[in-house]
Amino acid sequence: MTVKIDRLRRIEQLVHTMLPGPEAKAIAEELRKLQHRPFRELLAMYPEYAARLAETSGKEIHPVRIAGGEQLVDPKIYTPFARTLIHVFRNMVDHGIEPPEERIAMGKERRGAIRCEISGDDKELRLTLSNNGRKADPAAISRTALAKELVTPAELESMTEAEQLMLVFRDGFTTKRTVSGVSGRGVGLAAVRKATEALGGTVRFESDEESTRFLFTIPLAGSPG
């Protein structure tokens, strides 16, 4: 059975008009639950998007599957964040996954892997987006941030490698010398960080020889119990 959202909202208003406060509140909460969706559904476009992007970039990847993500969320609250994740998938295909020939020369399988894993509890949602492409280079990231004046030499001197990796989330950061339809504008990961923080969440960027990972921790606001 399908019920339009605007009709649910009218019913909720009617409940507040016709019933005493406590009863109206209880029924309204149940009606709001009907407007929630599994978080995984907000990411449903990305497996196909990553496959298309890899193909147009001359790269090969295994089909992307979303693991977990049954937590119910309010789409009005979480859709803006979910939409910014397009920049993470772009980054993983464009910067992470190597061309097939390069992967074979390195002893890797010709097809790369991108993973989307969602876990959590009734208080927070944990999202990990990872790929098994090339390791991110903190030194190269630092040089780029310094050249673009996103960080001072003094600040850079005091940073750990983990902090240098996080420079990719600064406004204006990009390692691309030219702007393309995929990347190069320096707004992508900064937009992801801002959307994450707008929800009261955090993001970490980690990279080693095995994989490169974007790890998000997001509070579950208004989650139906």
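The values are calculated or read from the model by the stated rules, or taken from the named source; none is laboratory data. For clarity, every value in this text was computed on a predicted model and none was experimentally measured. With ideal geometry, Cβ positions are generated from the backbone for all residues, glycine too; neighbour counts draw on all protein chains shown. Heavy atoms of the whole protein, side chains included, go into the accessibility calculation; ligands, DNA and RNA do not. Shrake-Rupley method; radii C 1.70, N 1.55, O 1.52, S 1.80 Å.
Key figures
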| quantity | calculated |
| --- | --- |
| Rotationally averaged projected area of region 1-141 (alpha carbon convex hull; nm²) | 11.8 nm² |
| Value of relative contact order over region 29-85, rounded to a whole percent, pairs C-alpha under 8 Å and six or more apart | 49 percent |
| Surface accessible to a 1.4 Å probe, Thr128 within the full protein complex, Å² | 30 Å² |
| Per-residue [θ]222 nm for the chain (sum of -39500 (n - 2.57) over DSSP H runs n ≥ 4, rounded to 500) | -11500 deg cm²/dmol |
| Candidates Val88, Val15, Val73, ranked by Gaussian network fluctuation over the chain, Cα under 10 Å, top entry | Val15 |
| Portion, in percent, of the accessible area of the chain that falls on carbon or sulfur, probe 1.4 Å | 53 percent |
| Residue of Ser207, Ser119, Ser158 that the Gaussian network model of the chain assigns the largest fluctuation, springs spanning Cα pairs under 10 Å | Ser158 |
| Summed residue charge, Cβ within 14 Å of Asn132's Cβ, Lys/Arg positive, Asp/Glu negative | 0 |
| Lys135 versus Glu161: modelled label distance in nm, points set 7 Å from Cα along the beta carbon direction | 0.6 nm |
| 19 Å Cα-Cα reach of Lys25 towards aspartates and glutamates, excluding residues that sit fewer than 8 places from it in its own chain | Asp6, Glu12, Asp74 |
| Per residue accessible area in Å² of the chain, where ligands, DNA and RNA are left out and the probe is 1.4 Å | 57 Å² |
| Volume of the Cα convex hull of region 46-125, divided per residue and given in Å³ | 100 Å³ |
| Solvent accessible area, Å² - Lys25, 1.4 Å probe, full protein context | 120 Å² |
| About the Cα centre, charge dipole magnitude for the chain (Lys/Arg +1, Asp/Glu -1 at Cβ), debye | 780 debye |
| Overall dimensions of region 63-109 by Cα: Rg and Dmax, Å | 15.6, 46 |
| Cα-Cα separations in region 61-198 greater than 26 Å, expressed as whole percent | 33 percent |
| From the C-alpha gyration tensor of region 9-83, square roots of 5λ in Å | 41, 11, 7 |
| Out-of-range pairs (alpha-carbon distance over 29 Å; input Lys135/Lys194; Lys108/Lys194; Lys76/Lys135) | Lys108/Lys194; Lys76/Lys135 |
| Among Leu127, Leu146, Asn91 - extreme Cα towards positive end, dipole of region 72-177, charges at beta-carbon | Asn91 |
| Highest-fluctuation residue, Glu48, Glu12, Glu124 considered, GNM on the chain with Cα pairs under 10 Å | Glu12 |
